[in-house]
Amino acid sequence: MNELGFAVRYPDMAGRSSRALWSDYGRYFDAYFEEFEAVSPWIDVKLEMADRYPGDDYLDRTVSERLAHKAGPNHHTPPEYAKLAKREFGLTVYAPPGIDPKTGKPYRDDEKDLLVRRNRDGSVGTFVLCMNDPYLSLKYQRCAQHFSMEPGMRAAVTVSYPRHWLPHWHAIQQKVVALVRSFSVDVGAEASTSGASASAQVSATSIRTADDLRRCDSLPAAGDTRAHAPAAWSREALRCDSEQRMEM
């Protein structure tokens with residue numbers, strides 16, 4: 001597996017595993033939902049592994065490349081970044097400096113902020129790219145948070161969410177890491193029981209299939225309205241007929 005993506009609800013980290021949860025996910029994008037302006041608690045998680053894993057130092061490389069860029073005379077993207085004096089939620093903030101002479105607006109309004117959390121040794125532990133459009137509410141401004149599952153798992157993680165949730169970036173990261181690690185399976189233990197489990201499952205399936213065939217053969221034909229054919233039999237006969245059509 002090279003890539004895995006899924007949506008979960010913050011902070012309970014429930015997935016779309018039921019009709020009710022799918023409904024909850026969809027209502028935040030429904031203009032007729034009475035709380036349409038409410039910020040969606042659903043976050044998107046993407047993991048890149050195996051051939052798509054960018055390498056153990058990809059966080060440092062990505063941040064260094066962005067900070068080393070020098071904007072041209074027309075301020076083409078990717079923009080030049082300058083460190084801001086004030087940190088946000090424990091993150092160092094870098095933003096495009098200056099005013100666009102053509103529009104009179106800060107360059108930052110049309111670009112993304114770069115927010116960085118460094119480890120004690122100076123290496124990048126997490127970085128977040130966030131929209132900074134003053135004309136959009138925090139519901140519609142998006143952030144993409146990047147971090148690694150190392151040590152122990154060579155996987156690059158990207159979590160996307162409304163900027164409203166940026167103050168919770170650390171809790172979101174902890175919960176995503178815990179959730180991903182909960183997916184792990186003891187391969188050795190599973191291998192030792194897989195043979196017996198598969199055999200038992202095949203036997204059970206075969207027995208059910210044989211029983212079902214005998215049961216269906218003993219029923220009156222579908223649509224039989226004779227007195228000795230109760231309504232329940234007719235319903236069962238219709239089901240058997242439907243199953244046989246599917247098998248064909």
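The values are calculated or read from the model by the stated rules, or taken from the named source; none is laboratory data. None of the values given here were measured: they were computed from a predicted structure. Ligands, DNA and RNA are stripped out before the accessible areas are found, and what is left, the full protein with its side chains, is counted by its heavy atoms. Shrake-Rupley method; radii C 1.70, N 1.55, O 1.52, S 1.80 Å.
Miscellaneous remarks
- Values of log10 I(q)/I(0), in the order q = 0.09, 0.11 Å⁻¹, for the stretch 45-175 under a Debye, Cα-only, solvent-free model: -0.28, -0.41
- The stretch 119-147 and the stretch 15-32 have Cα centres lying 25 Å from one another.
- Taking one quarter of the surface of the convex hull spanned by the alpha-carbon atoms of the stretch 110-167 gives a direction-averaged projected area of 4.6 nm².
- Stretch gain in nm, segment residue 32-residue 85, where the contour uses 0.36 nm per residue and the Cα spacing is subtracted: 14.9 nm
- Sequence-distant lysines (8 or more away, or on other chains) whose Cα lies within less than 23 Å of residue 102: 70, 112
- Average accessible surface for the stretch 1-155: 60 Å² per residue, computed with a 1.4 Å probe over protein heavy atoms with every protein chain in place.
- Hydrodynamic radius (Kirkwood) for the stretch 1-112, which is based on Cα pairs only, to one decimal in Å: 18.0 Å
- Net length gained if the chain between residue 118 and residue 61 were fully extended (0.36 nm per residue, minus Cα distance): 19.2 nm
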